[in-house]
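Undergrad: Here you go, one structure.
The values are calculated or read from the model by the stated rules, or taken from the named source; none is laboratory data. Bear in mind that the values here come from a model prediction, so they are computed numbers and not experimental data. Cβ atoms come from the backbone with ideal geometry, glycine included; neighbour counts cover every protein chain shown. Side chains are part of the model used for accessible areas, which takes the heavy atoms of the whole protein and leaves out ligands, DNA and RNA. Shrake-Rupley method; radii C 1.70, N 1.55, O 1.52, S 1.80 Å.
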Amino acid sequence: MKITVIGTGYLGAVHAACMAELGHHVLGVDSRPDRIARLAWGEAPFYEPGLAELLTRGISAGRLSFGGSLAEAAAFGDVHFICVGTPQLPGSLAADTGHVEGVIEGLAPHLTRATLVVGKSTVPVGTASGLARRLAELAPAATAAELAWNPEFLREGYAVRDTLEPDRLVAGVTSEAADAVLRQVYAPLIEAGTPYIRTDLGTAELAKVSANAFLATKISFINAMADVCDAAGADVVTLAEVLGYDARIGHKGMAAGLGFGGGCLPKDLRALLARSEELGVGDSLRFLHEVDVVNTRRREAVVELARELAGGSLASVSVAALGAAFKPETDDVRDSPALAVATALHEAGARVRVHDPKAGDNAIQAAPALEHVPDVESAVEGADIVLHLTEWRHYQEIDPAWLGAIVRRPVLIDARNALPHARWREAGWTVRCLGTPGAGGGAAPVRHATQGAESQSMLSQQHQPGG
Ligand code: UDX
């Protein structure tokens, strides 16, 4: 099949490469010429394991190319996937669907033959039916230009695998013809046994945001239990292990620590809240606001723990921040808990040096006021406190005795509960975590009554456009 992918961020670039891998002929289009130029050379414009290999393979086979206008895309493809970003609107909880609308406005006037436009971007429920009407209005092919919604569920860091071996495929369609086209696009995956669920447009739109809201709720639940563990002297890591053996609960998404960030979970949670208010069912989802608050409090709690370990003031304290990406195996720093903590420490007067194995360049752009260093050694030299903020494998392999000889004080905050604490303590480190007093900390992080709206806004970034 001849397919175009419009928008080549974390979602679109991976989708384009994977569609070529499935044997389709694919053209990727983007308004950013720099991104297109790199992709056309077979270079991944961001860190995503496995993507570069797939790009090279697709391009060499002559099935994958990048570049061109929406008019050229319309001439090339029979199926057009929309993969542009829907960031959080500034000053609002709602998602900005402007880029998706822009694609429909730009593409539709060039659609002169029967075509399927497939939205993959995450949009508020009800958006797709409006876009379908607009598409039919603007397209010379009129109602032969159809819209479907086919949300993605890929995780950054595992995006290639999640696209080629998804848990499920969701096809929001309004006709047999659209259903048949999507079944053809995904034929190899369906044949391999991937569940394919045909649904209406609204259910497909909701599938994505509600999955992310559920995952966020699960993470905030275990993080709230970490607070209870701190207060009671219990251990949240063991508690999560015990809970996870119940098949209805499971072990995934139960890692207590610094909480969730990234380009999806926080903004999807807020966009669902905003949409539920518009639909008059805000009361039903009000708990999602609390999920967001619990998550932001993780960042505050780590900053307060650092302040406590610094003796009450962070002024002139030297801090090493290990990690800037919102999670390991990505260079994405959008709404990164790690970068939010590093920035808050800097704003509280600390000297903060940030290291990340992959996200260094993005971190410099997102937080230019911080000191960014190329290796762990430069980050920790002379440090009073080392903070482990993103659980890269690289950090798990650090020799704590070696590190102990470089720092000024061997004090570690493992905000991700992921380092081998016994080894670190044996090497002479004071280790503190959230929710695991057994790791050498004991007392709960001090919560100051002054923590309020100001620190909340500093620590809870808005989603940045892109992706
Ligand atoms: C998420 C969804 O998983 C994916 O299905 C959807 O398509 C896009 O949003 P992603 O943003 O890549 O994917 O990250 P994910 O792996 O879900 O992690 C989200 C955040 O939660 C990260 O900041 C991570 O560190 C945090 N997290 C995850 C925890 O704090 N604890 C956990 O147990 C799991």
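Undergrad: Calculate the length of the line joining the C-alpha centroid of the range 263-295 to that of the range 394-418, in whole Å.
TA: 37
Undergrad: Where the only charges are on Cβ atoms (+1 Lys, Arg; -1 Asp, Glu), what is the dipole of the chain about its Cα centre, to the nearest 20 debye?
TA: 120
Undergrad: Which of the peptides 319-332, 194-207 is most tightly packed, and how do the rest follow, judged by the mean count of other Cβ atoms within 10 Å per residue?
TA: Taking the mean over residues of other Cβ atoms within 10 Å, the ranking is 319-332, 194-207.
Undergrad: Answer rounded, prolate or oblate for the range 382-434, using the Cα gyration tensor with square roots of eigenvalues a ≥ b ≥ c: rounded when a/c is under 1.5, else prolate when a/b is larger than b/c, else oblate.
TA: Rounded, because the longest to shortest axis ratio a/c is under 1.5.
Undergrad: If you don't mind, another one. Is the shape of the range 6-151 best called rounded, prolate or oblate, per the rule: a/c under 1.5 gives rounded, else a/b larger than b/c gives prolate, else oblate, with a ≥ b ≥ c the square roots of the Cα gyration tensor eigenvalues?
TA: Because a/c hits 1.5 or more and a/b fails to exceed b/c, the range 6-151 counts as oblate.
Undergrad: So, taking all protein chains as they sit and a 1.4 Å probe, how much accessible area belongs to Arg57, in Å² rounded to tens?
TA: For Arg57, the solvent-accessible surface is approximately 120 Å².
Undergrad: Follow-up question, since we're still on this one. Cα centroid distance between the range 126-156 and the range 164-227, in Å?
TA: 17
Undergrad: Would you mind putting 104-114, 139-149 in packing order, based on average other-beta-carbon counts within 10 Å, highest first?
TA: 139-149, 104-114
Undergrad: Using per-residue counts of other Cβ atoms within 10 Å, averaged over each peptide, order 384-394, 367-377 from highest down.
TA: Highest to lowest by the protection proxy: 384-394, 367-377.
Undergrad: What whole-number value in Å² describes the accessible area per residue of the chain for a 1.4 Å probe?
TA: 40
Undergrad: In the chain, which whole DSSP H runs stretch at least 24 Å along their own axis (Cα) and average 0.0 or higher on the Kyte-Doolittle scale?
TA: 201-232
Undergrad: Next question. Computing the accessible area with a 1.4 Å probe over protein heavy atoms, can you report the carbon and sulfur percentage for the chain?
TA: That fraction is 55 percent.
Undergrad: So, in Å, what gap is there between the alpha-carbon centers of the range 17-35 and the range 316-381?
TA: One Cα centre to the other: 32 Å.
Undergrad: Could you tell me which of the pairs Lys267/Lys358; Lys120/Lys218; Lys120/Lys358; Lys218/Lys327; Lys120/Lys327 are separated by over 19 angstrom between their Cα atoms in the structure shown?
TA: With Cα atoms farther than 19 Å apart: Lys267/Lys358; Lys120/Lys218; Lys120/Lys358; Lys120/Lys327.
Undergrad: Further question on the same structure: Rounded to the nearest 500, what is the chain's calculated 222 nm mean residue ellipticity when only DSSP H runs of at least 4 contribute -39500 (n - 2.57) each, over all residues?
TA: -13000 deg cm²/dmol
Undergrad: What shape does the range 280-414 take by its C-alpha gyration tensor, where a ≥ b ≥ c are the square roots of the eigenvalues and a/c under 1.5 counts as rounded, a/b above b/c as prolate, and the rest as oblate?
TA: prolate
Undergrad: Defining a contact as two alpha carbons under 8 Å apart and six or more residues distant in sequence, what relative contact order in percent does the chain show?
TA: 14
Undergrad: Turning to a different aspect of this structure: Indicate, rounded to the nearest 5 percent, the antiparallel portion of the DSSP beta bridges found entirely in the chain.
TA: Taking every DSSP beta bridge within the chain, about 5 percent pair in antiparallel fashion.
Undergrad: Computed FRET efficiency, Cβ-Cβ of Thr194 and Ser31, R0 51 Å: what is it to the nearest 0.05?
TA: Once rounded, the FRET efficiency stands at 0.95.
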